[in-house]
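Here the structure is laid out as structure tokens; the discussion comes afterwards.
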Amino acid sequence: MNRVALITGINGQDGYYLSRFLKSKNYEVHGITSCSKPGIGEPPKNCHYCDFAEGSNLNKIINEVQPDEVYHLAAQSHVRLSFDLPVYTAEVTGVGTLRLLEALRYYEEQSQKKVRFYQASSSEMFGKVVESPQSETTPFHPRSPYACAKVFSYWQTINYRESYGMFACNGILFNHESPRRGEAFVTRKITKAVARIKLGMQDKLFLGNIDAKRDWGFAGDYVEAMWLILQQDQPDDFVIGTGETHSVREFLEAAFNAVDLDWKKYVEIDPQYYRPAEVELLCADPSKAREKLNWKTKVSFEELAQLMVEADMKLTQQEKILGDATS
């Protein structure tokens, strides 16, 4: 019998790549998505609707699906937006995780079935870093409502593991991108603008702090790490990243170079895109994941920028053709 996986936030970037990966492993995949927004991709066949701001039907969904593994990816995950919607972010990204853990605890008690739980934790929890690179033992100093909510979820996951013996794990994922990244995120904002500028549909790109440094990888690589975390003999927490740091400025250069343009001619800094509290530097120490999971990234920083630009060039060319046809 095939194992059953339940993915929350399945129509986001990570949900898309994780569902494809699990199906390649012959899982029966179910997803939870919010009915309030369509997300990035089409909802899968086995799709269930739940708003994690209240979560009233979580018990019903879990009883119906009877999952072997649960991957909790759902969140209000945009850092800048979390400053505008701090209470909503705390409810969905923080308390939403607690609602799911409690529903799983109740299900395990009633069914006598053990469920493996993955919590999508974030490198943003490190925030104002006290050491670099950041490992599983680095203290947290969150610098946004989003990061604070993720810290809450991280410790609730550990609390349920230690209090109730649940197989509950955290994957502390550093920035991971793809052509399916939401357009509000800086990497996708850049690659979409590159395509539009190259095709004469846009003149300028406005950004905030381009000196911020991040550890960027490909989302398709990172979902394999999520799966590997739940295949271990004992539940544990892992930092997942490349171990390399690049600035937004470097991503700009790589993305514009992909279409033979000089980014300095097209990019302008706009203070409205600065965060109230900035996270200047994030860099992973993924040595534990390499040793215990035998995991490492396959797509390089330059390859990531290239594949995102290529995908957005195709999309934008289609958009231009449709626009010309209707004008």
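Observations
- Here the Kirkwood formula, the inverse mean of 1/r across different C-alpha pairs, assigns the chain a hydrodynamic radius of 20.4 Å.
- For the chain, the dipole from Cβ point charges (+1 on Lys and Arg, -1 on Asp and Glu) about the Cα centre works out to 420 debye, to the nearest 20.
- Summed side-chain charge close to SER121 - residues other than SER121 whose Cβ falls under 10 Å, Lys, Arg +1, Asp, Glu -1: -1
- For the range 190-327, the relative contact order is 40 percent, taking Cα pairs closer than 8 Å that sit 6 or more residues apart in sequence and dividing their mean separation by the residue count.
- Ranked by solvent-accessible area (1.4 Å probe, protein heavy atoms only, all chains present), the residues MET201, MET166 order from largest to smallest as MET201, MET166.
- Virtual spin-label span in nm between ALA277 and ASP236, 7 Å along Cα→Cβ: 3.1
- The residues THR89, THR326, sorted by heavy-atom accessible surface at 1.4 Å with ligands and nucleic acids left out, run THR326, THR89 from largest to smallest.
- Spin-label model distance (nm) - GLU268 vs ASN26, 7 Å beyond Cα toward Cβ: 5.8
- For the range 138-230, with +1 on Lys and Arg beta carbons and -1 on Asp and Glu, the positive-most of PHE167, GLN156, LEU207 along the dipole: LEU207
- Scoring 178-187, 208-217 by mean Cβ neighbours within 10 Å over their residues and listing the highest first yields 208-217, 178-187.
- Coil-residue trypsin sites (Lys or Arg not before Pro) of the range 87-127, DSSP, other Cβ within 10 Å capped at 16: LYS113, LYS114
- Within-10-Å neighbourhood charge of LYS198 [Cβ basis; K, R +1; D, E -1]: -1
- Using a probe of 1.4 Å, the accessible surface attributed to TYR274 totals some 100 Å² when neighbouring protein chains are kept in position.
- Local electrostatic count, ASP285, Cβ distance below 12 Å [Lys/Arg +1, Asp/Glu -1]: -3
- Scaling the Cα radius of gyration of the range 238-327 by the globular reference 2.2 N^0.38 Å produces a ratio of 1.47.
- In this structure, the pairs whose alpha-carbon distance is over 32 Å, taken from LYS23/LYS114; LYS265/LYS320; LYS25/LYS198, are LYS25/LYS198.
- Probe 1.4 Å, protein heavy atoms only - accessible area per residue of the range 214-327 in square angstrom: 51
- Rounded percent of accessible protein surface that carbon and sulfur make up, the range 225-299, 1.4 Å probe: 43
- √(5λ) per eigenvalue of the Cα gyration tensor, the range 172-307, largest first, Å: 31, 16, 12
The values are calculated or read from the model by the stated rules, or taken from the named source; none is laboratory data. It should be emphasised that the depicted structure is a prediction, and the values quoted were computed from it without experimental measurement. Every residue, glycine among them, receives a Cβ derived from its backbone with ideal geometry; neighbour counts consider all protein chains shown. Just so you know, the surface numbers come from the protein's heavy atoms only, side chains and all, with ligands and any DNA or RNA stripped out. Shrake-Rupley method; radii C 1.70, N 1.55, O 1.52, S 1.80 Å.
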